[in-house]
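Trainee: Pasting a structure here, questions to come.
Read-outs: derived from the displayed coordinates by stated rules, not from any lab. Everything numeric here is computed off the predicted structure, so don't read it as measured data. Cβ coordinates were reconstructed from backbone atoms using ideal geometry, including for glycine residues, and neighbour counts include every protein chain displayed.
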Amino acid sequence: MTDSIVLCRPDDWHLHLRDGAMLAAVTPFSAGFGRAIIMPNLVPPVVTGAQAAAYRDRIRAALPETAALVPQMTLYLTDSTDPADVTAAHEAGIIRAVKLYPAGATTNSASGVTDFDRVRPVLEAMAGAGIPLCVHGEVTDPAVDIFDREAVFIDRVLDPIRRKTPGLRVVMEHITTSEGVAYARSGGDDLGATITTHHLVINRNAILAGGIRPHYYCLPVAKRETHRLALREAATSGEARFFLGTDSAPHPDSAKLQPCGCAGCFTAPNTMSILAHVFEDEDALDRLEAFASLNGAAFYGLPPNEDRIRLTRRETPAAYPATIAAGDETVTVFDPGFPLYWHLEDA
Ligand code: OTD
Ligand code: ZN
Ligand code: ZN
């Protein structure tokens with residue numbers, strides 16, 4: 001049995017670091033990734049290049065001195081985003097991508113796009129400048145069943161946007177369905193898809209069977225088992241279009257454990273150990289590096305990180321905190337439901 005593997009340092013192509021006390025508490029847990037695409041859904045959202053630059057400074061201040069992490073900033077696309085501000089922020093090296101949230105699709109997405117024709121000039125400018133659009137792919141139509149919202153989004157929104165905007169590079173964020181996998185595969189090298197750690201581990205039973213478990217509730221919501229298996233097949237395939245975006249999304253327990261609890265799983269502290277377990281299960285440890293360290297960088301036109309990490313399988317499970325403190329609050333760490341024998345170490 002392989003008991004030690006060395007990988008190029010991984011990147012996290014979809015990460016929520018928040019702000020204030022939460023930012024200070026959670027950022028060190030992502031410090032071992034080389035790069036991370038930082039989500040802009042703060043309150044208020046990061047909508048201008050100047051706001052992204054200021055947020056990047058706050059992230060840098062929250063990183064330990066030894067951190068590898070280089071934050072890759074994004075702008076939150078709204079109906080009134082200025083195309084010139086987007087291209088200027090990109091040229092100045094402040095932003096790596098732009099994020100599209102349909103209004104109301106997930107946590108803090110109230111300012112998202114309500115009318116896709118209004119953002120057409122921004123999308124055209126992005127296509128021209130090669131700036132990727134990261135897409136939260138769920139319709140918000142209350143008439144659509146929540147388990148169908150990703151598949152319906154692909155047909156109603158994503159495919160039309162891509163057809164109308166040739167050359168636009170698109171990342172389907174956190175795909176959760178076999179339809180998402182199939183659509184990602186239908187594209188050329190202008191289309192990528194991130195897959196989270198938790199969607200490789202849980203299906204919807206984790207949230208609902210035998211009691212309601214708010215810590216497994218996230219958006220897009222986990223689907224039935226066939227979809228989880230499709231995601232595992234895609235992630236472990238080694239195909240260049242699929243790469244890691246943890247979507248680690250911390251919330252205080254006081255906000256999750258409510259009659260109307262909020263969505264998000266906090267996976268930053270144990271992601272690499274969980275992924276090694278999943279890839280070992282699928283007999284695909286040799287493809288973990290493609291998924292976590294190579295494919296995303298290539299999509300974004302960046303070289304792989306130069307340094308390396310080691311994952312070692314030991315008899316004693318890797319320790320990680322069940323909860324962490326953030327100011328006066330606690331945040332619960334994602335529990336995969338199995339012991340984590342793969343320990344993350346410096347190479
Ligand atoms: N999903 N929670 C959050 C974002 C994501 O859709 C997402 O990217 C969040 O809390 O920001 C969640 O469940
Ligand atoms: Zn999302
Ligand atoms: Zn997210």
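Trainee: May I ask you to list the residues in the stretch 82-101 that are more than 24 Å from Gly296 (Cβ to Cβ) and touching a Ser or Thr at 6+ places or on another chain (Cβ under 9 Å)? Lay out the reasoning, then the answer.
Mentor: Of all residues in the stretch 82-101, those more than 24 Å from Gly296 (Cβ to Cβ) come to 82-85, 88.
Passing the criteria: Asp82, Asp85.
Trainee: Next question, about the same structure. State which residue is nearest to ligand 3 (Cβ to nearest atom) when the search covers only the stretch 1-23 and only residues that are assigned to a loop (DSSP other than H, G, I, E, B) and under 21 Å from Leu133 (Cα atoms).
Mentor: Selected residue: His16.
Trainee: Contact list please: Cβ distance under 6 Å, first residue in the stretch 256-269 and on the phi < 0 side of the Ramachandran plot and among the small types (Gly, Ala, Ser), second residue outside any loop (DSSP other than H, G, I, E, B) and within 13 Å of ligand 1 (Cβ to nearest atom), pairs at least six apart or on different chains.
Mentor: From the stretch 256-269, the pairs are Gly261/Pro214; Ala268/Ser248.
Residue-wise test of (1) surrounded by fewer than 22 Cβ atoms within 10 Å (Cβ to Cβ); (2) closer than 24 Å to His16 by Cα; (3) in contact with a Pro (Cβ under 8 Å, 6 or more places away or on another chain).
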{"site": "Tyr101", "(1), (2), (3)": "no, yes, no"}
{"site": "Gly104", "(1), (2), (3)": "yes, yes, no"}
{"site": "Asn108", "(1), (2), (3)": "yes, yes, yes"}
{"site": "Ser111", "(1), (2), (3)": "yes, yes, yes"}
{"site": "Asp117", "(1), (2), (3)": "yes, no, no"}
{"site": "Ala125", "(1), (2), (3)": "yes, no, yes"}
{"site": "Leu133", "(1), (2), (3)": "no, yes, no"}
{"site": "Thr140", "(1), (2), (3)": "yes, yes, yes"}
{"site": "Val152", "(1), (2), (3)": "yes, no, no"}
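Trainee: Right, another one. So if I check each of Leu77, Leu69, which one is within 16 Å of ligand 3 (Cβ to nearest atom) and within 20 Å of the chain's Cα centre (by Cα)?
Mentor: Leu77
Trainee: Scan the stretch 251-267 for residues that are away from ligand 2 (no atom under 16 Å from the Cβ) and either part of a loop (DSSP other than H, G, I, E, B) or among the acidic types (Asp, Glu) (or both) and report the count. It would help to see each step written out before you state the result.
Mentor: Start the filter on the stretch 251-267 by keeping residues that are away from ligand 2 (no atom under 16 Å from the Cβ), which leaves 252-261.
Next, from what is left, pick out any that are either part of a loop (DSSP other than H, G, I, E, B) or among the acidic types (Asp, Glu) (or both): 252-253, 257-261.
The qualifying residues number 7.
Trainee: Let me ask something else about it. What are the residues in the stretch 220-250 that are within 15 Å of ligand 2 (Cβ to nearest atom) and surrounded by fewer than 21 Cβ atoms within 10 Å (Cβ to Cβ), if any?
Mentor: Val221, the sole residue that qualifies.
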